[in-house]
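Worksheet: one structure, shown below.
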Amino acid sequence: MKRKRLIVALLWSSLVAMPLVAQPHGKSEPGQTRSEVRLQFLSFENFFNVSAPAPAQTVNALQAEYRGARRFSAQPAEVYWHLSFMEYGKSSLRNSYGGRLGLAHEGAVQDYKIYADVAKNRPASEIRNGGTADRGTLYGEYGFRPSTQWHIVFDGSHENDRFRNAGNRDDSFNGGEAFVHYTGFGYRFTPELGIAAGRRHVHEQSQSYRNEDLIAGVEVIPIDPFYFSIAYRRQKRSYDSSPANATERHGIAELVGDWHAAPRIHVILYYASEDVNSTLPQSGYRTGILILGTSYSF
């Protein structure tokens with residue numbers, strides 16, 4: 001039972017953070033399908049990633065999701081899917097919708113996840129002056145446990161962003177991460193360390209960059225109905241060419257919380273704050289996102 005709760009906690013941690021795996025809570029028995037609906041409030045601080053003296057805009061949104069998963073056999077693998085719709089509280093932003101199809105395997109020693117995702121008008125916070133873009137994503141993850149005290153995870157992703165009426169901002173991204181989780185303290189306290197690297201190519205060449213990241217975090221289950229994790233990511237972005245030939249330092253703090261309030265109900269919290277310092281004058285900024293939501297499983 002302790003191992004099952006640990007796996008659920010690890011799934012939830014990766015579910016909310018980028019990239020989202022979008023699986024419903026829990027695990028399915030062979031031949032069983034489980035489903036979940038969610039309603040979430042989102043608040044994006046400095047939605048367009050602007051630097052002072054330009055005024056930062058906070059954009060709120062409501063999101064509805066349906067998540068499903070089915071385990072077809074006794075093997076610990078399941079197919080999962082996800083549909084979402086988001087309405088922004090700013091009239092100039094078009095509604096966002098998307099879908100995902102994936103496969104997840106959670107074995108005693110090895111685990112993996114793969115998915116394909118398409119989304120329209122999603123927040124595009126990875127380049128300057130942000131906005132929304134149509135995004136396609138391919139993601140893969142592999143983990144193994146060399147012993148009962150260690151869990152090592154590798155993942156990689158490919159993204160394509162397309163901006164409406166702004167083709168010079170279209171971009172693609174390839175990146176990978178590696179994490180080490182230490183489970184020797186028991187399922188209630190799991191620290192992790194990670195590294196990441198990636199390359200984002202933007203049609204407007206001055207926006208293209210490479211990133212190198214260091215990540216540290218901890219996952220905690222103080223009592224069984226509650227789960228939370230905190231993490232800090234330090235990212236260095238090195239831009240390719242003039243006039244943006246520069247280096248940025250991104251500090252990203254993240255908090256994830258989940259309260260199993262009733263047998264079918266979870267209450268969800270996610271908050272991230274990002275501070276950006278640049279070698280270019282008046283190019284630093286601060287941004288953040290808050291998500292509050294609830295889910296119902298059936």
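Simple point charges give the picture: +1 on the Cβ of Lys and Arg, -1 on the Cβ of Asp and Glu, and for the range 83-226 a dipole about the Cα centre of about 520 debye.
So for the range 79-171, considering every pair of alpha-carbon atoms, how many percent are separated by more than 23 Å? Percent of Cα pairs beyond 23 Å in the range 79-171: 40. Backbone N atoms of the range 30-60 closer than 18 Å to the 7 Å Cα→Cβ label point of residue 74 belong to residues 30-32. In the chain, the calculated helix contribution to ellipticity at 222 nm averages -1500 deg cm²/dmol per residue, counting -39,500 (n - 2.57) for every DSSP H run with n ≥ 4. Using a cutoff of 8 angstrom between alpha carbon atoms and counting only pairs six or more residues apart, the relative contact order for the range 147-298 works out to 14 percent.
Put a dot 7 Å past the Cα of residue 212, heading toward its Cβ, do the same for residue 277, and the two dots end up 1.7 nm apart.
Stokes-Einstein at 37 °C, 0.692 mPa s, Kirkwood radius from Cα pairs: D for the range 130-201 in µm² s⁻¹? In µm²/s, the coefficient rounds to 228. On the basis of the beta-carbon distance and an R0 of 22 Å, residue 108 and residue 226 show a calculated FRET efficiency of 0.30. Taking 0.36 nm per residue of separation and subtracting the Cα-Cα distance, full extension of the segment from residue 147 to residue 249 would add 33.2 nm.
What percent do you get for the relative contact order of the range 102-147 when only Cα pairs under 8 Å and 6+ apart count?
On the way: 75 pairs, mean separation 18.6, N = 46.
Here the relative contact order equals 40 percent.
Projected onto its three principal axes, the C-alpha set of the chain covers 56, 40, 31 Å, listed from the longest axis down. Ranked by how many other Cβ atoms sit within 10 Å of their own Cβ, fewest first, the residues 92, 35, 157 fall in the order 92, 35, 157. Considering only 129, 194, 40, and ranking their Cα positions along the charge dipole of the range 2-297 that arises from unit charges at the beta-carbon of Lys, Arg, Asp and Glu, the one farthest toward the positive end is 40.
Projecting the alpha carbon convex hull of the range 19-95 along each direction and taking the average yields 6.4 nm². Contact order, relative form, for the chain: 14 percent (alpha carbon pairs under 8 Å, 6 or more residues apart, mean separation divided by residue count).
Every read-out reported here was derived from the displayed coordinates using simple, explicitly stated rules and does not represent laboratory data. Being a predicted model, the structure only gives us computed values, none of them experimental. Note: ideal-geometry Cβ built from the backbone for every residue, glycine included; neighbour counts use all protein chains shown.
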